[in-house]
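To start, the structure under review is shown below, and the notes come after it.
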Amino acid sequence: MALLLLASAISCEWIGNAPSFGDDFITYTIRAGNHEVDRNLNTPFTASSMRFQAIFDSSCVYKNAVPENQNDINKLYGFSDCSSQHQNNSARFGWNWREGALRIYAYIYVNGVRQERELGTAELNELTSFRIDIRENTYVFTYRGIETVMPRHCSGGVGIAYKLLPYFGGDEAAPQDIRIKIRNL
């Protein structure tokens, strides 16, 4: 890992999505036909909370080819947990465009079982704050000042964990280029 960081520092090439430099947000792009962001890199995560702000633009208004897939939850940002892969244990915010609104979700895996809960809506081009706290055997999602508690499989720290970047789908890949700006706090 240290060798990789040294090599990237020497080569002057940015690993992962590059910051826009006009502000301190990173613009994540999921290209049409893909699920993952450009140059996806799941970096280590060791904290007991994740705080960030996001801006969704008009590229996040989409229509799936299969109508029932409009209910699928896209992933915004979060982390794996409990020294396991993210489809075993993880916490992240999700989103979708449904019924004329951008809907926000708490989206978790607990011992391989997925759970989600709708938290509200977000406005396009509006700065929105998000927070996930680990409290022993629960996750606390804070959205628009309201805390939502979700179960967690393990207790203590995250162990060996990694950040989870934006992802489009469910079943279908992005029908167009999707852009989301994120700023870590």
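The values are calculated or read from the model by the stated rules, or taken from the named source; none is laboratory data. Keep in mind it's a predicted model, so treat the numbers as computed, not measured. Positions of Cβ are generated from backbone atoms using ideal geometry, with glycine treated the same way; all protein chains shown enter the neighbour counts. Side chains are part of the model used for accessible areas, which takes the heavy atoms of the whole protein and leaves out ligands, DNA and RNA. Shrake-Rupley method; radii C 1.70, N 1.55, O 1.52, S 1.80 Å.
Averaged over its residues, the stretch 48-185 has an accessible area of 44 Å² per residue, based on protein heavy atoms and a 1.4 Å probe. Accessible area of Glu126 (1.4 Å probe, protein heavy atoms only, ligands and nucleic acids ignored): about 60 Å². Computed with a 1.4 Å probe over protein heavy atoms only, the accessible area of Tyr105 comes to about 10 Å².
So what is the relative contact order of the stretch 56-185, in percent, for Cα pairs below 8 Å that sit 6 or more residues apart?
That works out to 31 percent.
Computed from backbone phi with θ = phi - 60° and the Karplus coefficients 6.51, -1.76 and 1.60, the 3J(HN,Hα) list for the stretch 44-53 is x, 10, 10, 7, 9, 8, 9, 10, 7, 10 Hz; x is used for glycine and proline. A 1.4 Å probe over all protein chains sorts Ser49, Ser90, Ser155 by accessible area into Ser155, Ser49, Ser90, starting with the largest.
When nucleic acids and ligands are ignored and a 1.4 Å probe is applied, Val66 ends up with an accessible area of around 60 Å². Counted by Cβ distance under 14 Å from Gln87, the other residues give a net charge of +1, where Lys and Arg count +1 and Asp and Glu count -1. Volume per residue of the convex hull around the Cα atoms, evaluated for the chain, comes out as 119 Å³.
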